[in-house]
1. Compute, for the range 118-185, the length of the dipole vector about the Cα centre, with Cβ point charges of +1 (Lys, Arg) and -1 (Asp, Glu) only. Units Debye, rounded to 20.
2. Please give the charge dipole size of the chain, origin at the Cα centre, charges +1 on K and R Cβ atoms and -1 on D and E Cβ atoms. Round to the nearest 20 debye.
3. Counting Lys and Arg as +1 and Asp and Glu as -1, what is the net charge of the other residues whose Cβ lies under 10 Å from the Cβ of THR65?
4. Identify, among ASN47, ALA355, PHE89, the residue whose Cα sits farthest towards the positive end of the charge dipole of the chain, taking +1 on the Cβ of Lys and Arg and -1 on the Cβ of Asp and Glu, with the dipole about the Cα centre.
5. Label-point separation (nm) for THR135 and ASN73, each offset 7 Å from Cα along Cα-to-Cβ?
6. Positive end of the charge dipole of the range 275-343 (Lys, Arg +1 and Asp, Glu -1 on Cβ, about the Cα centre): tell me which of SER295, GLN338, ALA285 has its Cα farthest that way.
7. Which one, (i) 5, 25, 36, 26, 7, 1; (ii) 4, 18, 19, 15, 14, 14, 10, 5, 1, 0; (iii) 4, 12, 11, 10, 13, 13, 9, 6, 4, 4, 4, 5, 4, 1, gives P(r) over Cα pairs in 10 Å bins from 0, in percent as derived from the coordinates shown?
8. Of the peptides 268-276, 78-86, how do they stack up when ordered by the mean number of other Cβ atoms within 10 Å, highest first?
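A short reminder: the numbers here are calculations on the coordinates, not readings from a lab. Keep in mind that this is a model prediction, so the values were computed, not measured. For neighbour counting, all protein chains shown are included, and Cβ atoms are generated from backbone atoms with ideal geometry for every residue, glycine included.
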Amino acid sequence: MKKHYSATLLLFISISYSALSQTTTVISQFTWDVIGQDPEIADVGPNATSISPIALTAANGAGGTNGLNAGPNENKQDINMFFANDPIFNVEGIDLSIDYQRDESQGTFFKRGSVFSFLSASQLIVSFKLKNPNTPALGTSVNSGNVFNIPLDDIFRTYRFKYSPNTGTAQLFVDGDEKWSANFDLGMVLDWTGAGQIKIGELMDGSGMNKTIYDNYILKGITYSPLPIKLISFSSELNIDNSTVDLNWRTASETNNDYFTIEKSQDGFSWEILENIEGAGNSTASLSYSTTDRSPYNGVSYYRLKQTDYDGKYEYSPTISVNLQTINDFTMHPNPIQQGGVIYFDHLHSTSGNAALSIYNSNGVLIESCPISQFESAAEIKNDLKPGVYFIKFENQTKKLIVKS
């Protein structure tokens, strides 16, 4: 008796363990939505300390809302919106955005002293300074140059600059479309603490056209938050002679790292502890660790690394797998197989009434499970899998399947 199944590849997400956590907080926000309200009044964070006396909240902002107008055309004046040199702005990274429509050719949206400048009247551009917090002398000055010419078309667009010390990446966007990026050493932070007042709308008078030019200003601070370890590698090696598995991992650095836990699983869902190994606490040197699983499962064994720091917080590594071939009674053909072909299985001798023919990808993720009763000895599966390596498991037997394009 045969059964016919269709196996479809499912999407899965793999999380990189060497990534860094980060905290993002809105520290300043202005929507300028209330007609008649002083435009110095913030929605979030400190109010401005001064602004042009003729600047006002007005209609015809982004999306039909209200926004900031430089003022009427008589005796036009620059917006010049100032903020006190407040410690709240001394953040390590930022996510800064503004909705803007152009009416002039000179001026700057956002400046802090001489060390930071973002968005001129006619060009998307940013200049800033970075420093190593541990060695401030190892700093760098950055200037993106013009990456986008702002049209004179009365259309509001969202202009955004983001720098994260957790990735070392700086980016410029227009309406969510990345126009420029640059990468720096992880942990480099903005060098602008104590650089002076923040100023919005320098030399920006809207050409005296009495139109709304700014809307939805948001400044978010990004905190540098390294995780307790930076993992270089985590690998497994099967020793066929004695059916053991060697597990090895290396760290580039460790901060308050208490211990590692090596966990194993037969299905990738239910886990048991293999061993706990003491961490180095704090280290900036590359360190190597290893242990051995002397009783791996028949078929596929899954492993993951859990790192726990001194305050009890923990993180998991990506899952790795090892396939220990035991007695393989069932057969499948063809193998390798072309994508879209039919896989034929024979000698499926089930010892229970709830056996299943299961397909896993190389990361141990279950793709399809086809029930096989005690009265069935053969099956056919229509292959809709993407090209790659898969593992076919039936009871305690596992075999590798290669799908070609």
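1. Computed charge dipole of the range 118-185: roughly 300 debye.
2. In total the dipole reaches around 780 debye.
3. Here the charged neighbours net out to -3.
4. After comparing all options, I get ALA355.
5. Each label point is offset 7 Å from its Cα along the Cβ direction, giving 5.8 nm.
6. GLN338
7. (ii)
8. Highest mean packing first, the order is 78-86, 268-276.
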